[in-house]
Amino acid sequence: QVTLVESGGGSVQTGGSLRLSCAVSGITFRISSMGWFRQAPGKEREGVAAISEDDSANYADSVKGRFTISRDIAKNTLYLEMNSLKPEDTAMYYCAGGAPRWTQYLNKGWYSYWGQGTQVTVSS
């Protein structure tokens, strides 16, 4: 059974940092393209960052230069390091997997597996 479990969310002030983790099981993590998505109240789920089999990364313009996606194959864990956080980053953040190999898609339609989400709240 495929499971993705996010952790690391919380409440921070503007300019703060958080590191999200996604523990993955049930898939071949080493060759899986994965991503982070977020959804704020009243808005659709949007792609934040994605990483492909060769660790090439793709970022939404809104987070480029502030967020970094990475993976630790030995730990079967995906990470999202978030720096210089803004109130507009407030959302439920979801880990996603199962996109085609060697892709970095930010469209949620390409992903087959989803975690339950972890809340990130940024206040001013």
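The values are calculated or read from the model by the stated rules, or taken from the named source; none is laboratory data. All figures in this text were calculated on a predicted structure; none of them were measured in a lab. Heads up, the Cβs are rebuilt from the backbone with ideal geometry, glycines too, and the neighbour counts pull from every protein chain shown. Please note that ligands, DNA and RNA were not included when accessible areas were found on the heavy atoms of the full protein model with its side chains. Shrake-Rupley method; radii C 1.70, N 1.55, O 1.52, S 1.80 Å.
Out of all the residues in region 1-43, which are under 17 Å from ARG101 (Cβ atoms), surrounded by fewer than 18 Cβ atoms within 10 Å (Cβ to Cβ) and hydroxyl-bearing (Ser, Thr, Tyr)?
THR28
Out of the residues in region 44-54 that are under 11 Å from THR103 (Cβ atoms) and acidic (Asp, Glu), which is least open to solvent (accessible area, probe 1.4 Å)?
Ranking the candidates gives GLU53 first.
Of the conditions (1) in a loop (DSSP other than H, G, I, E, B); (2) within 16 Å of ARG101 (Cα to Cα), ASP61 satisfies every one except a single condition; which number is it?
(2)
Taking region 43-58 only, how many residues are basic (Lys, Arg) and touching a Lys or Arg at 6+ places or on another chain (Cβ under 8 Å)?
1
From the list LYS108, LYS75, which residue is more than 12 Å from the chain's Cα centre (by Cα) and at negative phi?
So the residue among LYS108, LYS75 that is more than 12 Å from the chain's Cα centre (by Cα) and at negative phi is LYS75.
ALA57: over 11 Å from the mean Cα position of the chain (by Cα), surrounded by fewer than 19 Cβ atoms within 10 Å (Cβ to Cβ) and among the small types (Gly, Ala, Ser), yes or no?
For ALA57, the condition - over 11 Å from the mean Cα position of the chain (by Cα), surrounded by fewer than 19 Cβ atoms within 10 Å (Cβ to Cβ) and among the small types (Gly, Ala, Ser) - is met.
Consider region 40-60. How many of its residues are in contact with a Phe, Trp or Tyr (Cβ under 7 Å, 6 or more places away or on another chain) and modelled with pLDDT of 95 or more?
7
Could you grab me the full set of residues in region 1-17 that are of a type in the set (A, V, I, L, M) and either in contact with a helix residue (DSSP H, G or I) (Cβ under 9 Å, 6 or more places away or on another chain) or closer than 21 Å to SER52 by Cβ (or both)?
Within region 1-17, VAL2, LEU4 meet the criteria.
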